[in-house]
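Undergrad: Got a structure for you, written out below as C-alpha cells; questions coming shortly.
The values are calculated or read from the model by the stated rules, or taken from the named source; none is laboratory data. Keep in mind it's a predicted model, so treat the numbers as computed, not measured. We place every Cβ from the backbone using ideal geometry, glycine too, and count neighbours over all the protein chains shown.
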Amino acid sequence: MNLSGNTILITGGTSGIGLAFAEEFIKEGSKVIITGRRADRLEAIKSRLPEIITKVSDVADAAQRVELAAWISENHPDTNILINNAGVQLITDFKKSIDLNRIGSEIETNLTAPVHLTSLFVPHLSGKKDAAIINVTSGLAFVPIAMMAIYCATKAAMHSLTLSLRYQLAETGIKVYEIIPPSVDTELGHDRREDKSQSHGGIPVAEFIEGAMAALKNDEYEAAVGMSAGLRTRREEVLEQLNSMFAG
Ligand SMILES: NC(=O)c1ccc[n+]([C@@H]2O[C@H](COP(=O)([O-])OP(=O)(O)OC[C@H]3O[C@@H](n4cnc5c(N)ncnc54)[C@H](OP(=O)(O)O)[C@@H]3O)[C@@H](O)[C@H]2O)c1
C-alpha cells in the first residue's frame, strides 16, 4: 500500500489504535479524518494536530452512519480508504441474566457498524486510486477469552467477513486488509473498569503501530501483529493457556 497521498476515514480515532493510525498516516503524507463520540477529545486532538479533520459520529447509530457517508461524499470526496477501527470490549457472564441492550450495542459497534459502513462506502471507493478498506479485528478472533465472549465472537465474525469482502471486491480495485492486533495498551475496556487509569496491559501502542504500518506498506492483506501471529492455526493449543490467565 502506498502510505502517502491518501484521504483516510478512521472510525474511532479519539484514542489508542485509531489515533495512532491517524498520526502515522499524517506523518506519511496522507490526509486523515477521524470520528468518535467524544467531542472534547476530538477538539483536543485537533488543537494538537491542526491538519487532522474530525467529526463527531456514533458508529452504533445507523442514521449517523448514513449521515457520515453522505458528509464524506460531500466534503471529502477524495476519500479513498476506510479504516473500520471503532470498537468496544465488554464482559459477558452467561451465569447471570443477559442485558440484551448492552450486548446489542457491543454487536452494533463491533460488527453491524463496519458491515453497514462498508456497504455505504463501496460505491464511493469504487474506481478511486489506491482504494482500500482496512478492518481492525483481533487475535481474539481466533482464540476467544471466555469472559469477553461477545467481543471475541464479533471479531471472529469480522475476520470471516473480511475474507468474504476480499473475494467480493476482487474485481472492483478496492483492496481489503485485515489488521489483527495482539493485546495493545490502550483505553479498550475502560468503560467496564472502575479505575479508569488501570491498563489492560499489552504492548505499547508505538510498538504495535510500527508493525501494523510496515505490514500495510508491504501489502500484507492479513497482518497478525506481534503475539497475534500464528493464532489462526494454534487455537486449541492456546485456548486453555490464555483462559487460565483470565479465570475468575
Ligand atoms: N487494545 C487491544 O488490545 C486490541 C486488541 C485487538 C483489537 N483491538 C481493536 O482495536 C480497535 C481500537 O481499539 P483500541 O484498543 O484503540 O481501544 P480504545 O483506545 O478504547 O479506542 C476505541 C476507539 O473506538 C471509538 N468508539 C467506541 N465506540 C464508538 C462508537 N459507538 N462510535 C464511534 N466511535 C466509537 C472510541 O471513541 P469514542 O469513545 O470517543 O467514541 C475510541 O476512539 C478496536 O476495534 C479493538 O477491538 C484492540
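Undergrad: Quick check on my filter: what residues within the range 11-29 are outside any helix (DSSP H, G or I), on the phi > 0 side of the Ramachandran plot and within 15 Å of the chain's Cα centre (by Cα)? Walk me through it before giving the result.
TA: Residues of the range 11-29 outside any helix (DSSP H, G or I): 11-15, 28-29.
Now narrow it down to the ones that are on the phi > 0 side of the Ramachandran plot: 12, 29.
Matches in the range 11-29: Gly12 only.
Undergrad: Scanning for something surrounded by fewer than 21 Cβ atoms within 10 Å (Cβ to Cβ), within 10 Å of the ligand (Cβ to nearest atom) and either more than 25 Å from Gln168 (Cβ to Cβ) or touching a residue at least 12 places away in the same chain (Cβ under 8 Å) (or both), does the range 95-105 turn up at least one residue?
TA: Within the range 95-105, the first condition is being surrounded by fewer than 21 Cβ atoms within 10 Å (Cβ to Cβ), and the residues that meet it are 95-105.
Retained after the next criterion (residues that are within 10 Å of the ligand (Cβ to nearest atom)): 105.
Filter once more, keeping what is either more than 25 Å from Gln168 (Cβ to Cβ) or touching a residue at least 12 places away in the same chain (Cβ under 8 Å) (or both): 105.
Yes, the range 95-105 has at least one match.
Undergrad: Between Ile103, Ile98, which is at pLDDT 95 or above and either in a strand (DSSP E or B) or in contact with a Ser or Thr (Cβ under 9 Å, 6 or more places away or on another chain) (or both)? Show your work before the answer.
TA: Values: Ile98 fails: at pLDDT 95 or above.
Result: Ile103 is the single residue among Ile103, Ile98 that is at pLDDT 95 or above and either in a strand (DSSP E or B) or in contact with a Ser or Thr (Cβ under 9 Å, 6 or more places away or on another chain) (or both).
Undergrad: Hey, another quick one. Only residues that are more than 14 Å from the ligand (Cβ to nearest atom), within 20 Å of the chain's Cα centre (by Cα) and assigned to a loop (DSSP other than H, G, I, E, B): list them for the range 62-90, please.
TA: Thr79, Asn80
Undergrad: Another one. Within the range 186-234, how many residues are of a type in the set (Asp, Glu), part of a loop (DSSP other than H, G, I, E, B) and modelled with pLDDT under 95?
TA: We begin by selecting, within the range 186-234, every residue of a type in the set (Asp, Glu); these are 187, 191, 194-195, 207, 210, 219-220, 222.
When the remaining residues are screened for being part of a loop (DSSP other than H, G, I, E, B), the result is 187, 194-195, 219-220.
Now narrow it down to the ones that are modelled with pLDDT under 95: 187, 194-195.
So the count comes out to 3.
Undergrad: Here's something else I'd like to know. From (1) within 16 Å of the ligand (Cβ to nearest atom); (2) part of a helix (DSSP H, G or I), pick out the condition that doesn't hold for Leu163.
TA: Leu163 satisfies all of (1) within 16 Å of the ligand (Cβ to nearest atom); (2) part of a helix (DSSP H, G or I) except (1).
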